[in-house]
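The values are calculated or read from the model by the stated rules, or taken from the named source; none is laboratory data. Treat the numbers as computed from the prediction; the structure is a model and nothing was measured. Neighbour counts are summed over all protein chains in view; Cβ atoms, including those assigned to glycine, are modelled from backbone coordinates with ideal geometry. The accessibility values were calculated without ligands, DNA or RNA, using every heavy atom of the protein model including side chains. Shrake-Rupley method; radii C 1.70, N 1.55, O 1.52, S 1.80 Å.
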Amino acid sequence: MRRALKGLAVIIGTSIVGTLAHRKRATVDDRLALVTGLSGVPAAVVSTYVVTVVPDRVVVGLFSLLLVYTATRMVRTASH
């Protein structure tokens, strides 16, 4: 639990610093940030439940597929 809290503190700190830097450059899309933030809360609640009822092997497999899919999309987008 203690490591999770430390990790969360690092993520929150990094997010705040990044947000302030981008806001200073006027590169923050407020509407997108609001939609992402508000959709993240229910997604976190649902995913917390899902990982308690789905076997770890399945969760890791699905997450791995998501990472591969995301990386593939990023590479394809960057090459255009």
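Here are some notes:
- Heavy-atom accessible surface of the chain: percent carbon and sulfur, 1.4 Å: 71
- For segment 1-40, a simple Cβ point-charge model (Lys and Arg +1, Asp and Glu -1, everything else neutral) yields a dipole of about 220 debye relative to the Cα centre.
- Segments 72-80, 22-30 sorted - mean Cβ within 10 Å per residue, highest first: 22-30, 72-80
- For the chain, the solvent-accessible area works out to 93 Å² per residue, with a probe of 1.4 Å and every protein chain left in place.
- Estimated dipole of segment 6-71 in Debye, rounded to 20 [Cβ of Lys and Arg +1, of Asp and Glu -1, Cα centre]: 240
- Charge dipole (the chain, unit charges on Cβ, about Cα centre) - positive-most of Val60, Pro42, Gly7: Gly7
- Here the average projected area of the convex hull drawn through the C-alpha atoms of the chain stands at 7.5 nm².
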